[in-house]
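Data block below; observations after.
Values in this text are rule-based calculations from the coordinates and carry no lab data. Small disclaimer: the values here were computed from a predicted structure and weren't measured. Cβ atoms come from the backbone with ideal geometry, glycine included; neighbour counts cover every protein chain shown.
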Amino acid sequence: MNLRKLQLKDAPLMLEWMHDPSVTHDLHADFASKTLADAEAFIAASQDVSTDLHMAIVSDLDEYMGTVSLKHIDRENSNAEFAITVRSASMGRGYSWYGMAEIIRIAFEELGLNCVYWCVSRKNARADRFYTKHGFREIVDISPEILQRYEGVEDLKWYSVLNGDDYTNEAVCKGSVAGCKVVGIKTIPTVNAGELSFFEANHDIPFDIKRIYYISKVPEGVRRGFHAHKDLKQLLFCPYGKIQLILDDGSVREEITLSDPSVGVVIDRPIWREMLWMQKDSVLCVAASDYYSTEDYIRDYQEFLDFVK
Ligand code: T46
């Protein structure tokens, strides 16, 4: 997979998705009437990258699979609008995620932007599933100038990603880490007033909560943990900062970066854990299924391996 400039030879395959209702049915532009000449004109115009950057997502054999774009690049406000359309032949094969992650990287690392935003029709269930799966959440505080572009278009869902967000967090995308479930914590944004997250025992997490504790004032680079629990079930989340959680079930060792208040990990079996503070003053919060008991801890790794055997 690769991202490169659009080339004239891409026009026939670009026209293919324009005439494919399974691709265009939830898009608000009229693509059905486009011709090969229109696709070629779009590609020719795309060579000017001053306000819009359109790139081709291509296979290893350089076959055009779709277009990914940063539109309305606004250097003053340090943002751009993301857009993507792929051929039906590309769907489910990782091209969309590759193109999206790569163009966001270009926005932040090469163009030095601070924010990439985009919207989709609420009717576009496929796109919504895709963005949710990759950990993006709806936002509501879109500026009026941006909203103006979509005047008259209803039912739009907006998303954004900021420079510094951990948008490629694989465990979040996969939904699990070392066999432990990565869960979304219900979060309600308020216009220009932050967001509120919540979870309820037994409803949102699979146990009763008997204890809540949190770890704070930890310097950057410090590691804690190095133990497992025999019976305790816990939900771990990071409401502020960035903490890497390394989980080991005795045969698989995987990690997840917790940096989003709406993401948590449920550890409901004996799992060896280590926590690395990637950012000073990050806070780790834990909702636990039982009262504190030293008896429940396994602090020796070999003993842990014997226990899970
Ligand atoms: C875990 C990870 C994520 C208490 O007295 N009561 C408590 O409820 C807890 C959690 C700890 N303590 C005492 C025990 C130690 O003297 O606090 C001290 C520090 O505990 P520990 O060294 O176990 O902290 P971490 O950060 O290594 O591990 C903690 C939890 O203990 C553990 O259950 O899963 O966070």
**Asked** Who wins for biggest fluctuation among Ser46, Ser197, Ser293 in a Gaussian network model of the chain, springs between alpha carbons below 10 Å?
**Response** Ser293
**Fully extended contour minus Cα-Cα distance, from Val222 to His19, at 0.36 nm per residue** = 67.6 nm
**Request:** Enumerate by residue number the trypsin sites (Lys or Arg not before Pro) in the stretch 1-102 meeting two conditions: DSSP loop (anything except H, G, I, E, B), and at most 14 other Cβ atoms within 10 Å of the site's Cβ.
**Result:** Arg75, Arg93
**Net charge of neighbours whose Cβ lies under 14 Å from the Cβ of Lys123, counting Lys and Arg as +1 and Asp and Glu as -1** = 0
**Request:** Multiply the residue gap between Glu145 and Glu110 by 0.36 nm, knock off their C-alpha separation, and tell me the result in nm, one decimal place.
**Result:** 10.1 nm
**Request:** For the chain, with a Gaussian network of springs between Cα atoms less than 10 Å apart, report the residue from Lys230, Lys217, Lys280 with the top mean-square fluctuation.
**Result:** Lys217
**Stretch gain in nm, segment Glu170-Ala89, where the contour uses 0.36 nm per residue and the Cα spacing is subtracted** = 26.8 nm
**Prompt:** Applying 1/(1 + (r/R0)^6) with R0 = 41 Å to the Cβ-Cβ distance of Gln279 and Gln7, what FRET efficiency is obtained, to the nearest 0.05?
**Reply:** 0.45
**Complete:** The base-10 log of I(q)/I(0) that the Debye equation returns for the stretch 171-308 at q = 0.09, 0.10, 0.14, 0.20 Å⁻¹, one scatterer per C-alpha, is -0.26, -0.32, -0.63, -1.30
**Asked** Expressed as a fraction of 2.2 N^0.38 Å, the rule-of-thumb size for a compact globular protein of N residues, what is the C-alpha radius of gyration of the stretch 2-162?
**Response** 1.00
**Message:** What whole-number volume per residue, in cubic angstrom, does the convex hull of the C-alpha atoms of the chain give?
**Reply:** 161
